[in-house]
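*Asks:* Got a structure here, written out as structure tokens. Questions coming.
Here, each number is a calculation from the coordinates, and none is a lab measurement. Since the model is a prediction, treat every value here as computed from it, not as a measurement. Using ideal geometry, Cβ is built from the backbone for each residue, glycine included, and neighbour counts are taken over all protein chains shown.
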Amino acid sequence: MVQTFKILSLLLTYPTQELKAGAGDLAAALDTEALLPKPQRDFLNRLIVEIETRDLYDLEERYVLLFDRTRSLSLHMFEHVHGDGRDRGQAMLDLKALYDKHGLDIAASELPDFLPLFLEFLSTRPLEEARELLNQPLHIIAGLRKRLHKRGSAYAAVFRALEKIATGKPSASRLKDLMSVAEDDPEDFEQLDKAWEDAPVTFGPEAAPQADGCNPNRIAARLRAAKRPAPGPNASGN
């Protein structure tokens, strides 16, 4: 197992008392594996210390504001490439088929494109294979890092670390498209309601995966798809 991917996955999950209690062990494990250069580990240590020392309620509130109520910071990768489009259901099935093929069982309530879950899967793969898979959503990771850095969030360190581990570079054109989508305000409840009035993702027979559903090339195409339509009436993307 590549421990660093597992640790980065944990750092992007909803804060819990258990995560707070084990935060120091995460930093030690990063140092032991040393997949990341020390400067990257130092950036991550700021987030780890915050998780370890800040009040749990404050950590929970911050997480919800960032990742649950700010759609442009969603940790669901296909949200940034398929939005509410019909392709999203098939893309979910393709990714789940890849997990199934390699023995990663996920709960029925879990969406396969949730970034912490994707990173947990990468932790089970050989490092070079994991790096190749990580290259596929790299423009999404870079875009989230930029938006979190703009907010001064310690969470930006996780995405900076993922960019460092990857062997490729994010597509400049895809990153530009992603960044052209207007950022939403988590305190604007009217806009929030409009943005999340989504059609349900289809997992039924009409969205059944094809025989090549776990083909990595097909999954890569899903992850590299064109930008989603900008949410809400004030979006500025073309």
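*Asks:* Thinking of the stretch 36-100 as a set of Cα atoms, what percent of all their pairs are more than 16 Å apart? Before the final figure, lay out the partial values.
*Replies:* Values: 1361 of 2080 pairs.
When all Cα pairs of the stretch 36-100 are counted, 65 percent exceed 16 Å.
*Asks:* To continue, here is another question. Taking the number of other C-beta atoms within 10 Å as the exposure measure, put Val81, Val49 in order starting with the fewest. Provide the component values of the computation, followed by the final result.
*Replies:* Values: Val81 24, Val49 14.
The order, fewest Cβ neighbours first, is Val49, Val81.
*Asks:* Among Asp184, Asp55, Asp100, which comes first, then next, by fewest other beta-carbon atoms within 10 Å?
*Replies:* Details: Asp184 22, Asp55 9, Asp100 15.
Least to most surrounded, the residues fall as Asp55, Asp100, Asp184.
*Asks:* Spin-label point model (7 Å from Cα, Cβ direction): what's the Met179 to Asp31 distance in nm?
*Replies:* Each label point is offset 7 Å from its Cα along the Cβ direction, giving 3.5 nm.
*Asks:* Please report Leu144, Leu35 as a ranked list, fewest other C-beta atoms within 10 angstrom at the top and most at the bottom.
*Replies:* Lowest count first: Leu35, Leu144.
*Asks:* For the pairs Lys6/Lys101; Lys146/Lys169; Lys146/Lys176; Lys20/Lys164, note any where the Cα-Cα span goes beyond 21 Å. Provide the component values of the computation, followed by the final result.
*Replies:* Working: Lys6/Lys101 19 Å; Lys146/Lys169 14 Å; Lys146/Lys176 11 Å; Lys20/Lys164 25 Å.
Over 21 Å apart, Cα to Cα: Lys20/Lys164.
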